[in-house]
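Each remark here refers to the structure printed beneath this line.
Laboratory data are not the source of any read-out in this text; all were calculated from the coordinates shown. Here the structure is a predicted model, which means the values were calculated and not measured. Every residue, glycine as well, gets a Cβ built from its backbone with ideal geometry; the counts of neighbours run over all protein chains shown.
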Amino acid sequence: MVVIILIDSSFLFYQGDKLRQETFDKDLAETAKTLAVIFKKTSSKEIRDLDPNTISLLLSEPHDEMFYAIRDSKGQFIFGNPKVRYQEADPEDLEDKDFLNIFSDEIDGKGVRVVSIPIEHTIRNKIAVYHIQVAETRLQRQEIQRQIIFWIVIPQLILLISAMVLVRFAVTRGLSPILFLNEKITSLSYKNLTPIDLQGVPKEVDRLVGSLNRLMQELNFAIQSQNRFVSDAAHQLRTPLAGILAQIELALDTKNANEIQKRLENINESSKRLIHIINQLLTLSKSQSDALHHAEFMPLNLVAFTKQVTSIMLPAADLKHIDLGYEGSEEVLNIMADEGRLYDLIHNLIDNAIKYTADHGKVTLAVDLKDNKVRLVVEDNGIGIPKEDQTTIYERFYRGDNVNAAGAGVGLAIVKEIADIHNARIEIDSRKDKEGTRFYVYFDLKI
Ligand code: ADP
C-alpha cells in the first residue's frame, strides 16, 4: 500500500510539474516572439537595441525578474544582458518544427529558464539570422510547484492513507465471522460434535453454521449407528460362541462317547450359524450405500438370473421338503444391476422364505412387468409378518417376535441396502390370516 501511495503521489507530482513547466515555457517563448517582432520593427533600417520602455513593459513580472539578449547567427552578443547565456541547439532537434530551444541556467546565482528563438531579418538588403533570447527567474514556478504539492499531492496522500485505513478496517471486520467460526470449529472433535450455538453467530455465516450443524448431526448419527452396529454384531457373535463353549465344557466333563458325539454335533451346528452370521455381516458391510461407487452395473436379464438363483437354492428347500420354483414371465426383462449384489438380494429373500415356512410348504419366485417396472416377487406360505413389524424388519439385527428359526436379523438389512444401491423399491404383502408373505422388488426397466 505504501508503495502504491508513493507511486501514485510521484506520478501525480510529475504530471503536475510537467504541465506547469510546459505552460511557463510556452509563455516565455511567446514573450520572445513578441520581442522578435519589436526587434524587426526597431531595426528596419539599421540594427538597433530595443526601446527600454517597451522592454520594461514587456519584461515585467510581479514575482520574477526577466532578462533579454539579442545575438547574431553565431551566438555573439549584440544587445541586452550578456549574462543571458547562449546555448546552440542540436541540428537534429532543429528539424522538428515544434522544437523549442530552452534550457535551465543561472544568472547572478538565481535559477532561470532561458529560451532562444532564431529569426531571419533583412537590413539594407542583407539577410541574417538573429537569436532573440528571454530569461526568467523561476520563483513563480517554484511557488506553483509548492502549491501542487500542497493542493494535489498532500490531499491525494491523505485520501490514500484514509482508504488504506478503511480497507484494513473492512478486511478485519469482514474476516471476523470467519475467525469466529474457526474458533468454534477448532473446539470440536469427533468425540464432541455438539452443534454450534446459533446465538451470537454473525449473520454473514449463520447459513454456513446451519449447514455445518446439519453435517455434524449426520456425522454424529453415523458414528452412533456404527457404534451400535459394532456392539450389536459383537452380541450376535457372542451368543453362538458362548453356546459352543458350553458344549465343549459339557463334552469335556463326560466320557460317554454318545454324549460327546451329540455335543460335537451341536458345536458343528453352532459353528455353521456363526459362519453364517459372519458372512451376513460381511455382505452387509459390502452393501452399504457408500459402497455404491464400487458397484459394477451391467444390463442383466432378471428372469434368467432369478431362475438361476432359485435353482441354486433347491437343495436348501429340499431339506424342508419345500416346493421351490419359478412361475413368472419367460420374456427377457433387463435391468441394470451389480450381479454379485443382486445375487445376495434374491438369495436372502429365498433363504428367509424357506426359513419362515413350515416343512412341506411352498416358495414361488416370479418376475414380471408391472407399471413399466421389472418386478421380482418372492412368495411363501409361511408364518407371515405382522403389520407392525413390516417397517422395522429392515433394521439391522431386528428379529420378529414370532420367529423361532435361527438368524442374526441382518438378511433384510442387506436386501434393503442392495435395493437402495439399485434404486429399487421394496414392498411387502403379508396376509392377515398368516398364510404367508410376498416380497416385491421393483427395478427400472433397461430398454
Ligand atoms: P433373520 O431372518 O436373521 O431374523 P432378517 O433381517 O432376514 O433376519 O429378517 C428380519 C425379520 O423379518 C425376521 O426375524 C422375521 O421376523 C421377518 N421376516 C423376514 N422374512 C420373512 C418371511 N419370509 N416370512 C416371515 N417373516 C419374515
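What to note about this one:
- Dipole of the chain, positive direction: furthest Cα of PHE305, LEU50, ASN213, with charges on the beta-carbon: LEU50
- Pairs of alpha carbons in the stretch 160-293 separated by more than 27 Å make up 57% of all such pairs.
- Distance (nanometres) between label positions extended 7 Å along Cα→Cβ at SER285 and ALA304: 3.5
- Order by protection proxy (mean Cβ within 10 Å, highest first), peptides 361-373, 129-141, 4-16: 129-141, 361-373, 4-16
- Residue-by-residue Karplus 3J(HN,Hα) for the stretch 378-395, coefficients 6.51, -1.76, 1.60, Hz, glycine and proline x: 10, 10, 9, 10, x, 6, x, 10, x, 3, 5, 8, 5, 9, 7, 4, 7, 5
- Average projected area [Cα convex hull, the chain], square nanometres: 48.4
- Annotation: lysines with alpha-carbon distance below 16 angstrom to LYS355 (same-chain offsets under eight excluded): LYS272, LYS320, LYS434.
- Residues with amide H under 5 Å from that of ARG425, placed H, sequence gap 5 or more: TYR442
- Its Cα centre serving as origin, the stretch 256-344 has a Cβ charge dipole (Lys and Arg +1, Asp and Glu -1) of approximately 460 debye.
- Hydrodynamic radius (Kirkwood) for the stretch 297-447, which is based on Cα pairs only, to one decimal in Å: 15.4
- Converting phi to 3J(HN,Hα) with the Karplus coefficients 6.51, -1.76 and 1.60 and the offset θ = phi - 60°, the stretch 268-285 yields 4, 4, 5, 5, 4, 4, 4, 4, 4, 4, 4, 5, 4, 4, 5, 4, 4, 5 Hz in sequence order, with x at every glycine or proline.
- Sequence-distant residues sharing a close amide H with SER43 (under 5 Å, placed H): ARG48
- Among TYR356, TYR326, sorting on how many other beta-carbon atoms sit within 10 Å of each Cβ, with the fewest leading, yields TYR326, TYR356.
- Cα gyration tensor, the stretch 276-373 - rounded (a/c under 1.5), prolate or oblate: oblate
- Theoretical gain in end-to-end length, SER44 to PHE297 [0.36 nm per residue, Cα-Cα removed]: 80.0 nm
- Compared with the rule-of-thumb size 2.2 N^0.38 Å for a compact globular protein, the stretch 1-63 has a Cα radius of gyration ratio of 1.88.
- The lysines within cross-link reach of LYS373, meaning a Cα-to-Cα straight distance under 21 Å and a gap of 8 or more places when in the same chain, are LYS307, LYS416, LYS446.
- Intensity falloff of the stretch 1-156 expressed as log10 I(q)/I(0), Debye formula with alpha-carbon point scatterers, at q = 0.15 Å⁻¹: -0.83
- Counted by Cβ distance under 15 Å from ASP253, the other residues give a net charge of +1, where Lys and Arg count +1 and Asp and Glu count -1.
- Over the stretch 122-236, Cα pairs under 8 Å with separation of 6+ residues give a relative contact order of 17 percent.
- Sequence-distant residues sharing a close amide H with LEU333 (under 5 Å, placed H): LEU302, VAL303, ALA304
- Relative contact order (%) - criterion: Cα under 8 Å, at least six apart; region: the chain: 10
- Sparse-neighbour loop sites [GluC sites (Glu not before Pro); the stretch 72-126; at most 12 other C-beta within 10 Å; DSSP]: GLU88, GLU95
- Over the chain: helical MRE at 222 nm, DSSP H runs n ≥ 4 each giving -39500 (n - 2.57), nearest 500: -17000 deg cm²/dmol
- Rounded to the nearest 20, the size of the Cβ-charge dipole of the chain about its Cα centre is 660 debye, with Lys and Arg at +1 and Asp and Glu at -1.
- Under the criterion of Cα pairs below 8 Å and six or more residues apart, the relative contact order for the stretch 318-447 equals 30 percent.
- Reference-scaled alpha-carbon Rg (2.2 N^0.38 Å with N residues) for the stretch 339-425: 1.10
- Packing-based exposure ordering (other Cβ within 10 Å, fewest first) of ILE447, ILE346: ILE447, ILE346
- For the cross-link pairs LYS33/LYS97; LYS26/LYS74; LYS18/LYS74, the ones whose C-alpha atoms lie over 26 Å apart are LYS18/LYS74.
- The stretch 147-257 - charge dipole about Cα centre, Lys and Arg +1 at Cβ, Asp and Glu -1, debye rounded to 20: 260
- The stretch 438-447 - phi-based ³J(HN,Hα) in whole Hz, Karplus 6.51/-1.76/1.60, Gly and Pro as x: 10, 9, 10, 10, 9, 10, 6, 6, 9, 8
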